[in-house]
Each structure stands twice: as structure tokens, then as C-alpha cells.
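See structure below.
The values are calculated or read from the model by the stated rules, or taken from the named source; none is laboratory data. It should be emphasised that the depicted structure is a prediction, and the values quoted were computed from it without experimental measurement. Quick reminder, even Gly has a Cβ in these numbers, built from the backbone with ideal geometry, and neighbours come from all protein chains shown. Heads up: the accessible areas ignore ligands, DNA and RNA and are worked out on the full protein's heavy atoms, side chains in. Shrake-Rupley method; radii C 1.70, N 1.55, O 1.52, S 1.80 Å.
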Amino acid sequence: MINHPPGPPLSPLPAPDDPAGLAVIGASAVRARDAARPVPLRGRARAARLLVLLAAFVCAACGLVYELELVALGGQLLGDTTTQTSVVLSVMVFAMGVGSLLAKRLTRRPAASFALVECALALTGGTSVLLLYWAWARLDHHGATLAGVVVATFLIGVLIGAEIPLLMTLIQRIRREDAGRAAADLFAADYVGALVGGLAFPFVLLPQFGQSTGALLTGAVNAVAGAAVVLRLFRDEVSPRTRVLLWAGCGLVLLALAVAAACTDAIERAARQAIYGAQVRLALHGRLQEIVLTGDADPAAPATARLPPQRGPLELYLDGRLAVCGPDEYREHEALAHPALGGGPAGRVLLLGGGDGLALREVLRHPAVRSVVLVEPDPVLADLARHDPALAALGEHSLADPRVRLVTGEPLRWLRGADGSYDVVLSELRGRPYDTQEFYGLAARLLAPGGRIAVRAEELWPAEATLQAAGLRTAPYPAADGPRHCPRGPGTPATFVLAARTPPALTLTAPTRSLTPDRLRTSAAALATTRPDPLPAPRTLLG
């Protein structure tokens, strides 16, 4: 494909010293010969060539940002990040091949075609995050959202795949050279641009602008660097009317992206209301997740707390999943903390996750606790728990307690470098890599003699098998059952696993609002009757 010059094939030309032959050169042969010549450019060919390579660099960076945006958004909206990553990458690569084939039809007018491709890519890629988020919120259907991710990935991939053939044609229009050398320069610019885009997404765009605004900004850069630069360099390729239309199209794309950026907050608010109802009062983009608060305060919160007027129970959502239901949350957090604290020494406690301060509240109620290290992967959640009046009151301002040391960082990495020992280790973290044998093994390494670990188990029996594979003895148990005040909450009580190096005893130092020693042991015995034999295979990072 790239070894053939753009334009129609040339007819054989007679020798210069053959007047008769020259006289019979047809009009079609003259047009073919003229089409094969490089397009006249103002300025030095080297500078023009560098500008085209720069356009390739910027377009590659933008293309990879679109790809990473879709991977991140698909994982957040649909869960199962491994599956979403595989779907996006495989569809993207396939679509790029389709786009390369389709681009063969566009190489006769490469500058105009490239401008159209970049405008379409800027508009599609720039608005993809907002449109997919809106569709996810309105449709509330896993299959429809997955189909939207696949369609958006395919369209973006086709447009990205059309770039390289067109850019190769433009490079050859500027200066004829060996196809291998031209391809080497073009792919070098493309790969370096992909590196810059891949690094800019997690370290600049995502933390500074968020997913939606970051994608819109990328689209604007794509339109300017791709379409505008090429149209300026190759302005003589198209007629004045076509040139005006292409510039107007580029301007309309930039205007559409600017309007979308101005309406981003309104679109996100409307989408959240479709998901959570009309009580959304706070939404933040954390380092790892979207954090949404609805309602106000737990009706059981202290009457002295200065809270806004109540508009329903407080609900905390993380990436669309209900993580806290104000009137009900105490049952789960009491079940996580108190059986582990009541089985032996409890002076030093390590809490993994739980940046909302609610499990920490229960830990601090135990009189024997002298110090707590809280490792929270998302600093935005911990900051919200400190400063939001309703959430801080629900957690009884536990993060302000002088016994607490907050560490913000990735828990698995923190465990690998941690030293010291703890009497109790509690984990509120969910999903991989936090339900694996490696994670539990690192946590068990920090246990003092007689120490205990308690984890919340999304899938009870695989969690128990994994803790046993880490060399621990286990005792599963459920949280207390009770009325459900949040319609999106789970229909059954949460389950937990208590583990230690010796068989752990399920006991309490004192009754709590939802648990008594007898109720705890009775419910654990009933749960044990449902244990499968054998247990499922333990989970590992590579399993």
C-alpha cells in the first residue's frame, strides 16, 4: 500500500529526443504526470515534512488517550476490568485494520481526506465518554452499555486506522523518498506520540480534568493539530470552496466540543439523577472512582450534629455501587470490627480501606484500641469523610481522632513495604487484587502473636478458601439481618470471614446495636451448614 505513489499510474513517456512521441502525449498522461509530482509548498520541504510528522505525533497521542478512556470507562461502568480491557483492545486493533483498508480509497485527495478523518475522530473520540456515560445512566442495561462501548471503540478504531496511509501519502507528496525510510520516520512519530498520550492520560488528563473534560480537550487538540495543520500545508490541493468548507467543518467540531465542555456538568447531573434519583447533592471524581453522596444524614445521628435539613437517608455510591446506606450501615461495620476486636489483644489495629470513617468509628469504640493505621487508596474519599457534615457526623468524626494515622496509597504496595505488627487487621477492600492469596499472605505477615484478620467477603466461600491457602484458620459469619431503608441496598446480610493462625473464637467483649455473642454464634453455625465440600479453589493474582 505505501510503496505506490498517490495518484493514477503513469503511462510510459517517450524519450525527450523523440518529438513525434512527445506530440502524441495524451491529456490523461499529462494529468497523471502532474498528479505524481509533489504538491508545491511554500517554505522549505524539510519544515513541511516535520510539521506532518508532528501532526502524526499528536494524532497518535490523542488516539491512545481515546483508547485508554474507553478502557477506564468500560471497567467503571460494567465492572470486570480484564474483560473490558480485552474487548476494547481487540475491537480497536481490528477496527484499525478496517480503517487502513478503507483509506486506500481516500489517497487520491489525502489532505482533504485526512482533515475529514481528523474532524470526525475529534468529534467521536471527544464526546465518547459523555455519550457513553449518559447512555449507561439512561438505559440501565448492561448489554446496551457494552454494545455502546463496542460501537464507539469500532468507530474510533476505523478513523485511527485511516491515519497512517493518508499520512504516508502526504509525506511522499512533500518529498519523494524510499518507502521504508518514510515509514520508519512516520511510525517513530506515531509510537512516540502513543507513549506521550499513554503517560498523559493517568498523570495529567485524568487527575486534572477528569474523564469527560479530558476526552473533550483531547478532541480539540486532535482537530487543531490534525486537520488544521494539514489543511494549511496542503491548501493548494483543494479548490477554494472545498477549503472553506473544510475549515468551517473544523470550526464546527471545535464549537461542538466547546459546547459539550460547557454542558458537561449539566449532563453529568442529569445522568446522576437518572441513576440515583433527585437527591444527589455531591459528586466527586476520586483518584480511582466516582464518588456520589445522596440524601443527608442517618436519622440515628446525634441530635447535636449541625446537619442540613434531612432529605432522606444518606447514601454513598462508589462508581455507581451503593457502598453505604446511612440507616443500615452500622450492622455491616459492627460485624466487620467487633468479632475481631473481641477475640484477644486489640491495642494496635490496621484498617485496609474504609476511608469513609464508618468501620473506623466501630474500631475506636473498643476501649482497648490504642492506635489505628488506616490505609485508604482514594484520598478524595477520606477528605470527603473529614469535611462533609453528614458523612463526618455519621462516622462520629473518627478520622479526627488522635489515635488514627491515615495513609493514602495503594494497599497492596503498602503491605509489601510495611513493618511492625498488629493485633487486628481489618479489610474493607473489594475485588482483585484484594481478595487474593498474595494479599492475605502479606496481611498475615503483619499479625502479632494471637492476632486476627477479618475481611468482608463479596463471595464468601472463595474468600474463606483463599484465607486458608494463606495459612490461616477461618470462621465465616454474617452481619445481623434487619429492615432495609435503601432500595438499592443488598437483599441479604453481608458476610465476613474471621481468620487467625489458630482457630479463631467468635465472641464479643460487649453487645453492640446489632450483635450479641449468642446471635453471632448462632448465625455463624447456620451459615456453616451451607459450606460446600470441597471449598472453591483459592484466588491468586494470576489465577
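Taking the Cα centre as origin and putting +1 on Lys and Arg beta-carbons and -1 on Asp and Glu beta-carbons, what dipole magnitude results for the range 99-221, to the nearest 20 debye?
Dipole size: approximately 460 debye.
Just to verify a number: what accessible area does T509 come out at with the full protein assembly present, 1.4 Å probe, Å² rounded to tens?
90
In vacuum, with every alpha carbon of the range 495-535 counted as one equal point scatterer, what does the Debye formula give for log10 I(q)/I(0) at q = 0.16, 0.30 Å⁻¹? Two decimals, please.
Taken in order of the listed q values, log10 I(q)/I(0) reads -0.49, -1.19.
Report the Stokes-Einstein translational diffusion coefficient (µm² s⁻¹, integer) for the range 123-163, Rh taken as the Kirkwood radius over Cα pairs, at 20 °C with viscosity 1.002 mPa s.
Roughly 203 µm²/s, to the nearest whole number.
Keeping all protein chains in place and using 1.4 angstrom, which order do R243, R272 fall into by accessible surface area, from largest down?
The most accessible residue leads, giving R243, R272.
Convex hull over the Cα atoms of the range 352-393, averaged projected area in nm²?
Approximately 3.0 nm², given one-decimal rounding.
How long are the three semi-axes of the equivalent ellipsoid for the range 56-184, computed from the Cα gyration tensor as the root of 5 times each eigenvalue, in whole Å, largest first?
Its equivalent ellipsoid spans semi-axes of 32, 14, 11 Å.
Consider all pairwise Cα distances in the range 207-247 and report the whole-number % of them above 11 Å.
Of all Cα-Cα pairs in the range 207-247, 67 percent lie more than 11 Å apart.
Please name which of V404, Q172, A220 has its Cα lying farthest along the dipole of the chain towards the positive end, using unit charges on Cβ (Lys, Arg +1; Asp, Glu -1) and the Cα centre as origin.
The residue sitting farthest along the positive end of the dipole is Q172.
Collect residues whose amide H, placed 1.01 Å from N in the peptide plane, falls under 5 Å from the amide H of G395; neighbours closer than 5 in sequence don't count.
none
Hey, any idea what the orientation-averaged projected area of the convex hull of the range 166-258's Cα atoms comes to, in nm²?
Quarter of the Cα hull surface area: 7.0 nm².
Determine how many Å³ per residue the convex hull of the Cα atoms of the range 145-203 encloses.
87
With a/c under 1.5 counting as rounded, go ahead and sort the range 431-473 into rounded, prolate or oblate using the C-alpha gyration tensor (a ≥ b ≥ c being the square roots of the eigenvalues; past the cut-off, prolate if a/b is larger than b/c, else oblate).
prolate
At q = 0.06, 0.07, 0.10 Å⁻¹, what base-10 log of I(q)/I(0) does the Debye formula yield for the chain when every alpha carbon is treated as an equal point scatterer in vacuo?
Each listed q corresponds, in turn, to -0.42, -0.54, -0.87.
Ratio of the range 399-455's C-alpha Rg to 2.2 N^0.38 Å, to two decimals?
Expressed relative to 2.2 N^0.38 Å, the Cα Rg reads 1.15.
Which angle from 0 to 90°, rounded to the nearest 10, does the C-alpha axis of helix 27-36 make with the longest principal axis of the chain?
40
Just by accessible area at a 1.4 angstrom probe, what is the order of H338, H142 from largest to smallest?
Ranking H338, H142 by accessible area, largest first, yields H142, H338.
From the P(r) of the range 402-531, can you give the percent of Cα pairs sitting at distances over 26 Å?
Every Cα pair in the range 402-531 considered, those over 26 Å come to 26 percent.
Run the numbers on the chain and let me know its relative contact order in percent, using alpha-carbon pairs under 8 Å that are six or more apart.
Rounded, it is 12 percent for the chain.
Taking the full set of protein chains and a 1.4 angstrom probe, give the accessible area of C62 in square angstrom, rounded to the nearest 10.
10
What do you get for the angle between helix 240-262 and the principal long axis of the chain? Use alpha-carbon atoms, 0 to 90 degrees, nearest ten.
In the chain, helix 240-262 runs at an angle near 10 degrees to the longest axis.
222 nm [θ] for the chain, helices only, -39500 (n - 2.57) per DSSP H run of 4+, per residue, to 500?
-17000 deg cm²/dmol
Taking the Cα centre of the chain as origin, work out the dipole magnitude from +1 charges on Lys and Arg Cβ and -1 charges on Asp and Glu Cβ, in debye rounded to 20.
Dipole size: approximately 1160 debye.
In terms of solvent-accessible area of protein heavy atoms at a 1.4 angstrom probe, what is the ranking of F209, F203, highest value first?
F203, F209
Using +1 at the Cβ of each Lys and Arg and -1 at the Cβ of each Asp and Glu in the chain, identify which of C119, A537, P478 lies farthest towards the dipole's positive end.
C119
For V407, what accessible surface area do you get with a 1.4 Å probe? Give it in Å², rounded to 10.
For V407, solvent-accessible area is about 30 Å².
So what's the range 324-449 giving for Rg/Rh, alpha carbon basis, Kirkwood Rh from the mean inverse pair distance?
Ratio value, two decimals: 0.94.
I'd like the orientation of helix 264-276 relative to the chain: the angle between its Cα long axis and the longest Cα principal axis, in ° from 0 to 90, rounded to 10.
So the helix axis and the longest Cα principal axis differ by about 40 degrees.
How much length is gained on full extension from R519 to R484, taking 0.36 nm per residue of separation minus their Cα-Cα distance?
Using 0.36 nm per residue and subtracting the Cα-Cα distance, I get 10.7 nm.
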